[in-house]
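The values are calculated or read from the model by the stated rules, or taken from the named source; none is laboratory data. What you see is a predicted model; the values in this text were computed from it and never measured. Note that we place each Cβ from the backbone using ideal geometry, even for glycine, and neighbour counts take in every protein chain shown.
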Amino acid sequence: MKNWKKRSKAEIKEMVFSALDENVNFIESNVIGIPGSRLDPKVFYQDAPFLAEAPFLSALIRNPNHIGCHSLGDSEPFFAGTQKIELETLRMCAEDILRAEPNSTDGYVASGGTEANIQAAWIYRNYFMQEKGADTKEIALICSADNHYSAAKAANLLNIDFVRIAVDDNTRKVQSSDLKKKITQLKAGGVKHIIVFANMMTTMFGSVDHPDDYVPVLKEAGMSYFIHVDGAYGGFVYPFNGIEHGLDFSHPGINSITLDAHKMVQAPYGTGVFLIRKGYMHYVRSDEASYVKGLDATLIGSRSGANAVAIWMILSTYGKSGWTEKIQTLIARAKRIADVLTEKGIAFYREKGSNIVAIRSGQIPIEVIEGFHLVPDDHHNPRWNKIVVMEHVTDEKVDAFLTAINRQHYN
Ligand SMILES: Cc1ncc(COP(=O)(O)O)c(C=O)c1O
């Protein structure tokens with residue numbers, strides 16, 4: 001354990017309040033040049049007694065602006081206290097969860113998985129354009145058919161080609177024959193540079209990609225490439241299941257990773273995490289942001305420092321072993337569902353070590369799907385319906401679901 005420590009409530013409260021006190025105080029200081037970003041005091045009471053016991057709400061009310069990427073060094077001095085909390089959060093994620101070497105990554109707390117994924121593609125597109133003299137027509141983003149749609153958004157915004165690779169319907173793994181075919185077609189169309197999005201748990205299936213499925217094919221085709229891992233769903237789950245995987249910074253071919261704290265970590269919405277090896281953020285740094293100290297290398301611009309505080313508080317409350325225990329309990333619960341489905345001959349997909357169970361349509365009655373609000377892969381033409389085992393999916397709810405399929409199973 002390097003940066004990720006379990007801390008008591010009192011310690012967390014003390015650390016957040018002293019970070020907030022290190023930030024600018026708009027009332028007591030003579031700062032008049034920057035927007036006074038604390039929330040409007042007529043609407044959001046600043047002196048409610050309970051705030052003294054509520055570090056996150058206090059951070060929300062004091063509303064620090066974390067504009068910029070603080071791991072690059074120079075940042076706005078007004079919010080230095082909470083920026084340090086963000087930096088510690090990033091190091092917990094990069095080094096304690098995703099096995100990066102100390103101080104080897106940059107990053108920031110993005111608004112979510114979508115932004116973090118777009119940030120990655122933006123950096124690599126600019127790298128290819130600036131370092132290889134590439135035209136946008138020579139760059140493509142590829143990912144599995146099960147990839148989140150934010151990859152398509154990124155390609156569309158960046159004006160680069162977007163290609164999905166077919167997956168096997170049962171294993172959800174990328175089909176190497178389709179990969180080879182699509183790479184050959186892209187090459188014939190003049191594409192020379194590839195951005196790969198690999199999944200550490202897809203949205204619908206929880207399936208996991210292996211970067212080494214892509215690398216030999218890209219090398220053989222003579223493509224230059226970067227691999228970005230989308231761990232928006234799985235980044236706070238998969239690394240804790242005890243399975244050895246090559247989907248983090250311990251793999252030399254992986255350059256950047258998205259995490260999302262507003263999914264499994266149950267942080268407020270607006271808390272994605274973008275992490276990348278050092279030496280790449282400057283490909284999107286804008287000299288135009290000249291009024292921002294340290295300039296800006298993020299997609300979002302102004303962003304709430306309270307989000308970083310929230311992730312730090314949650315991770316610090318559990319500590320690494322507490323978090324591991326929590327996740328392993330959820331995974332075991334998902335496995336319990338999977339074991340019963342197997343026993344009953346109900347067709348489903350579950351990646352080993354994941355907390356997502358996707359059941360094929362037609363396998364359990366529609367009343368059960370609707371009654372338990374399983375989520376379809378496609379609302380118009382559902383082929384799969386998924387269960388995501390998080391804390392609200394208690395053993396009691398799992399029992400009720402298993403009883404319902406017992407009663408109504410009509411195979
Ligand atoms: C794998 C994956 N990537 C990216 C995203 C997008 O995340 P957000 O909704 O936080 O932008 C999601 C959202 O569900 C996801 O599951």
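Some points to look at:
- If you filter the stretch 105-140 down to residues that are within 18 Å of V163 (Cβ to Cβ) and among the acidic types (D, E), you find that the one that is surrounded by the most Cβ atoms within 10 Å (Cβ to Cβ) is E138.
- Where Y269 falls short, out of the listed (1) within 16 Å of the ligand (Cβ to nearest atom); (2) surrounded by fewer than 17 Cβ atoms within 10 Å (Cβ to Cβ); (3) closer than 15 Å to I67 by Cα: (3)
- Residue within the stretch 284-292 that is surrounded by 16 or more Cβ atoms within 10 Å (Cβ to Cβ), modelled with pLDDT under 95, under 27 Å from F17 (Cα atoms) and assigned by TED's automatic domain parsing to the domain that holds I123 present: yes
- Taking the criterion of being within 12 Å of the ligand (Cβ to nearest atom) and either of a type in the set (D, E) or not in a loop (DSSP other than H, G, I, E, B) (or both), the residues of the stretch 194-240 that qualify are F197, A198, N199, M200, V208, D209, H228, V229, D230, G231, Y238.
- Under the condition of being under 20 Å from the mean Cα position of the chain (by Cα), at positive phi and of a type outside the set (G, A, S), the residues counted in the stretch 348-383 number 0.
- Check on A94, under 21 Å from K278 (Cβ atoms), assigned to a helix (DSSP H, G or I), among the small types (G, A, S) and away from the ligand (no atom under 16 Å from the Cβ): yes
- Unmet requirement for I165, which otherwise passes all of (1) surrounded by 23 or more Cβ atoms within 10 Å (Cβ to Cβ); (2) over 18 Å from the mean Cα position of the chain (by Cα); (3) within 30 Å of N307 (Cα to Cα): (3)
- Test result for V191, away from the ligand (no atom under 16 Å from the Cβ) and surrounded by fewer than 21 Cβ atoms within 10 Å (Cβ to Cβ): no
- Long-range neighbours under 6 Å by Cβ, at least six apart or interchain, first residue more than 15 Å from S150 (Cα to Cα) within the stretch 263-274, second near the ligand (Cβ under 9 Å from one of its atoms) and not in a loop (DSSP other than H, G, I, E, B): none
- Single condition E244 does not satisfy, out of (1) under 18 Å from the mean Cα position of the chain (by Cα); (2) more than 11 Å from the ligand (Cβ to nearest atom); (3) of a type outside the set (S, T, Y): (1)
- When the residues of the stretch 174-185 are filtered to those that are crowded, with 16+ Cβ neighbours inside 10 Å and in contact (Cβ under 8 Å) with a residue 40 or more places away in the chain, the one that is farthest from the ligand (Cβ to nearest atom) is I183.
- Some residue of the stretch 105-116 being away from the ligand (no atom under 15 Å from the Cβ) and of a type outside the set (V, I, T): yes
- The set of residues from the stretch 1-43 being assigned to a helix (DSSP H, G or I) and charged (D, E, K, R) comprises K9, E11, K13, E14, D21, E22.
- Criterion applied to I85, I142, I123 was being assigned to a strand (DSSP E or B) and aliphatic (A, V, I, L, M), and the one residue passing it is I142.
- Any hit, the stretch 121-132, residues being within 17 Å of R285 (Cβ to Cβ) and either within 12 Å of the chain's Cα centre (by Cα) or within 16 Å of the ligand (Cβ to nearest atom) (or both): yes
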